[in-house]
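The values are calculated or read from the model by the stated rules, or taken from the named source; none is laboratory data. From a predicted model like this one, the values you see are computed outputs, not experimental measurements. Because the Cβ atoms are built from the backbone with ideal geometry, glycine has one as well, and the counts that use them run over all protein chains shown.
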Amino acid sequence: MAVSLTVNGQQRSLDIESDTPLLWVLRDELKLKGTKFGCGAGLCGACTVHLNGQPVRSCSTPVSMAEGQKVVTIEGLAPEGRLNELQAAWVEHGVPQCGYCQSGQIMSAAHLLMVNSQPSRDDIVASLSGNLCRCGTYSRIIAAVESVVEGRQARDDKQERA
C-alpha cells in the first residue's frame, strides 16, 4: 500500500503494509532512531510521537492511521540539530541514565507545554504518568519540565516590564 505522511515537516511516501506499526516505519524505513521500542503494547510510552499535535504510541498505531497526517518525532523537536528548551533542560538536570524512555518522556512533556504553557506540578505529573522510566528519574524529569515553565515565566515577566 502506498502511504503518504508528513514527518518532521517533510512529505514522505512509502510502499508499506497498512498495518505496519508507525514505530517501525519511523525507525526502519525512515531511519529515525530516536523513537524507541519499549513494550510493544502502547503501555510504557517509550515510542511516543505526535500525530497532528497529539501524543500517540507509535508501536500500536498502524501507519494507515498516519496517512495524510503530520507526525513529529523527537528529531523534529530539534531543528537543524539544536536542542529545544526541553531537551536542554533534560541535559541540565541530568535526567537520562539509560536514556531509553527519554524521547517518549520529552514528547509527552512537549505536548503538555503546547496545550498548557504554565502547568502546575500536578499537571506535569499527570501528563507524564503514562510514561515509564526504568531508572526512576521521575524527580529529575519533573524538575526539568518545571525549569522550562519557570524560564518561560521569567521571559514573560521580563517582556511585560519592557
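Here are the numbers for the structure shown:
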quantity	calculated
Test result for R152, of a type outside the set (F, W, Y), out of contact with any Gly (no Cβ under 9 Å at 6 or more places or on another chain) and modelled with pLDDT under 95	yes
Hits in the stretch 20-43 (condition: touching a Ser or Thr at 6+ places or on another chain (Cβ under 7 Å), assigned to a loop (DSSP other than H, G, I, E, B) and not β-branched (V, I, T))	L32, G34, K36, A41, G42
Residues located in the stretch 129-162, provided they are under 20 Å from Q118 (Cβ atoms) and without any contact (Cβ under 8 Å) to a residue 24 or more places away in the chain	S129, I142, E150, A154, R155, D156, D157, K158, Q159, E160, R161, A162
Answer residue from the stretch 76-119, given it is hydroxyl-bearing (S, T, Y) and surrounded by 14 or more Cβ atoms within 10 Å (Cβ to Cβ) and is nearest to L26 (Cα to Cα) among those	S103
Subset of the stretch 93-128 that is free of Cβ contacts under 8 Å to residues at least 12 places away in the same chain and not hydrophobic (A, V, I, L, M, F, W, C) - its residue that is nearest to A41 (Cα to Cα)	G99
Scope the stretch 24-62; condition surrounded by 21 or more Cβ atoms within 10 Å (Cβ to Cβ), within 14 Å of C101 (Cα to Cα) and modelled with pLDDT of 95 or more; matching residues	T35, K36, C44, G45, A46, C47, T48, V49, R57, S58, C59
Test: residue in the stretch 120-143 that is in contact with a Gly (Cβ under 6 Å, 6 or more places away or on another chain), among the small types (G, A, S), under 30 Å from E29 (Cα atoms) and not in a helix (DSSP H, G or I)	yes
Among residues of the stretch 51-73, those that are touching a Pro at 6+ places or on another chain (Cβ under 8 Å) and part of a strand (DSSP E or B), counted	1
